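Data block below; observations after.
The values are calculated or read from the model by the stated rules, or taken from the named source; none is laboratory data. Every value quoted in this text rests on a predicted model; they were computed, and no experiment measured them. Because the Cβ atoms are built from the backbone with ideal geometry, glycine has one as well, and the counts that use them run over all protein chains shown.
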Ligand SMILES: *Cc1c(COP(=O)(O)O)cnc(C)c1O
């Protein structure tokens, strides 16, 4: 047996063990072809089959309507920060951004290169510990962009911010995509790097409505136009074949385990157990405001950074890895993505109790 420990890393993050075991076998020979999954041509039948299955499972999982494209791109979510405004924003137009953390701020920085940005709300004044309730869009934005889960601060939207006729909703869902059911038809574009909930780093899932594929700029370099990838079924150039394969296996795993509704229930249970403990602890405190708490990234502090560091060290000694908070937020962060088992939450709470008893 290979030794595995509880991995609370924010990303790249834990993947289902059964998926990794299957991938290990397929690395040497994919489905008895005698050629490993990373060694198959992206134009060959073996890989194009994988690609098509991955898209089909993605559509099934999220009930993606027919008028949306599912794209497998590269460059991470960070590339979408500029690719989206580059395609849809101009110096004569405005896009609205709901600023709820470092990732939204980075998205704003890139959008400003292409047109006007209106901050529809910002949580900066409260240190990004709360999702703003008062969201005010500009008069005629091209789109409204938000970050559904704020990986660093541990906050999450409960429902979508308002968009209206004539504009479309864009969501950076990197750290909570497919952790709960979602109504894709409310969105123009949903994107996420795979490395938190969906697979390995190196592939970005982009779900984009047909009319937007048509509408995007046709002046851009070929590879930066969405139509290029839509027309070529994400096979314009060599795609991240292993990432697409593994993402497909994660989709299969999710489907076999009850789909997104069941995933949401498991995620809710895991996060609730940890928040319940935090709410009774006299040492540890949850960082996010109650109404904004993330089910994916639970952030907490003791209030003393030396104690925090000692706790992280003790947890590591108990084979609980990746609990140190992001450098811009401090404290601790337990990332409880889809593949994270509830036993790991119990193990964490046990170590927290022991630490608390000895402090
Ligand atoms: C991790 C993360 C990103 C950055 O993703 P890359 O794939 O590394 O570019 C962007 N947004 C959110 C919300 C994230 O959690």
*Output yes when any residue across the stretch 141-149 is farther than 21 Å from residue 124 by Cβ and either within 16 Å of the ligand (Cβ to nearest atom) or touching a strand residue (DSSP E or B) at 6+ places or on another chain (Cβ under 6 Å) (or both), and no when none is.*
yes
*Counting just the residues of the stretch 189-228 that are buried (at least 24 other Cβ atoms within 10 Å of the Cβ) and outside any strand (DSSP E or B), which one comes out farthest from the ligand (Cβ to nearest atom)?*
226
*Looking at this structure, is residue 208 more than 17 Å from residue 103 (Cβ to Cβ), modelled with pLDDT of 95 or more and in contact with a strand residue (DSSP E or B) (Cβ under 6 Å, 6 or more places away or on another chain)?*
yes
*asked:* One residue is enough: does the stretch 64-77 have a residue meeting the conditions part of a helix (DSSP H, G or I), touching a strand residue (DSSP E or B) at 6+ places or on another chain (Cβ under 8 Å) and within 16 Å of the ligand (Cβ to nearest atom)?
replied: yes
*Is one or more of the residues making up the stretch 329-339 surrounded by fewer than 20 Cβ atoms within 10 Å (Cβ to Cβ) and at pLDDT 95 or above?*
no
*In the stretch 152-179, which residues are within 15 Å of the ligand (Cβ to nearest atom), touching a helix residue (DSSP H, G or I) at 6+ places or on another chain (Cβ under 7 Å) and outside any strand (DSSP E or B)?*
152, 174, 178, 179
*Answer from 249, 290, 273, 310 - the residue that is under 22 Å from residue 179 (Cα atoms) and free of Cβ contacts under 8 Å to residues at least 60 places away in the same chain*: 290
*Filter the stretch 98-140 for residues that are more than 13 Å from the ligand (Cβ to nearest atom) and assigned to a strand (DSSP E or B) and give the result.*
116, 117, 118, 119, 120, 121, 122
_Could you check the stretch 340-359 and list, in sequence order, the residues that are crowded, with 22+ Cβ neighbours inside 10 Å and in a loop (DSSP other than H, G, I, E, B)?_
340
